[in-house]
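Got a structure here, written out as structure tokens. Questions coming.
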Amino acid sequence: MQRIPAGLWGGEHIRIDVGEKTATVEYDCAHGVIQGPLTLDSNGRFNLRGRHTPERGGPIRANDPERSQPATYIGSINGDKMTLTLRLAGAEDETFKLEKGKEGELFKCK
């Protein structure tokens, strides 16, 4: 099996930093982690588990409850292009287009 190439992947409203065993995901108003192994099938597709944490603008209180939830990250890679769909229970899927080596265009919550 192939691995998702390590390094930075970016697109509109998303940036993913793929490491050796996990990947960190940054969105405009959320962040997440994809747990490894970060493998692709023979057609360049992946279906991986992780966590997704919504964010909000303003200060964070010390006693704020953790808002992290299980997430499924589904997608494919073709060359230096990635399509990634975020799937959360009870929510509509959200799909992103990313490119290897790009920073990503984020507009963080304020």
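Find the residue count for segment 20-47, including only residues that are within 12 Å of the chain's Cα centre (by Cα) and of a type in the set (Asp, Glu).
Residues in segment 20-47 being within 12 Å of the chain's Cα centre (by Cα) and of a type in the set (Asp, Glu): 2 in total.
Consider segment 60-110. How many of its residues are closer than 14 Å to PHE46 by Cβ and among the aliphatic types (A, V, I, L, M)?
7
Working carefully through the options ARG51, ARG56, find the one that is surrounded by 15 or more Cβ atoms within 10 Å (Cβ to Cβ) and at negative phi.
Of ARG51, ARG56, the one residue that is surrounded by 15 or more Cβ atoms within 10 Å (Cβ to Cβ) and at negative phi is ARG51.
I've got another one for you. So LEU40 fits all but one of (1) surrounded by 15 or more Cβ atoms within 10 Å (Cβ to Cβ); (2) over 26 Å from PHE107 (Cβ atoms); (3) in contact with an Asp or Glu (Cβ under 8 Å, 6 or more places away or on another chain); what number is the exception?
(3)
If a residue must be farther than 11 Å from GLY75 by Cα and touching a strand residue (DSSP E or B) at 6+ places or on another chain (Cβ under 8 Å), how many such residues does segment 44-58 contain?
The total comes to 7.
Then there's this: Tally the residues that are of a type in the set (S, T, N, Q), in contact (Cβ under 8 Å) with a residue 12 or more places away in the chain and either touching a Lys or Arg at 6+ places or on another chain (Cβ under 7 Å) or part of a strand (DSSP E or B) (or both), restricting the search to segment 20-54.
Result for segment 20-54: 5.
Go through GLU99, GLU66, GLU103 for me and flag whichever is in contact (Cβ under 8 Å) with a residue 40 or more places away in the chain, acidic (Asp, Glu), in contact with a strand residue (DSSP E or B) (Cβ under 9 Å, 6 or more places away or on another chain) and part of a loop (DSSP other than H, G, I, E, B).
Of GLU99, GLU66, GLU103, the one residue that is in contact (Cβ under 8 Å) with a residue 40 or more places away in the chain, acidic (Asp, Glu), in contact with a strand residue (DSSP E or B) (Cβ under 9 Å, 6 or more places away or on another chain) and part of a loop (DSSP other than H, G, I, E, B) is GLU103.
Something else: Taking the residues in segment 1-19 that are in a strand (DSSP E or B) and closer than 23 Å to SER42 by Cβ as candidates, determine which candidate is farthest from the chain's Cα centre (by Cα).
GLN2
Then there is this: Just name the residue that is farthest from PRO5 (Cα to Cα) out of those in segment 78-94 that are in a strand (DSSP E or B) and in contact (Cβ under 8 Å) with a residue 24 or more places away in the chain.
LEU86
Coordinate-derived values only; no laboratory data. It should be emphasised that the depicted structure is a prediction, and the values quoted were computed from it without experimental measurement. Every residue, glycine among them, receives a Cβ derived from its backbone with ideal geometry; neighbour counts consider all protein chains shown.
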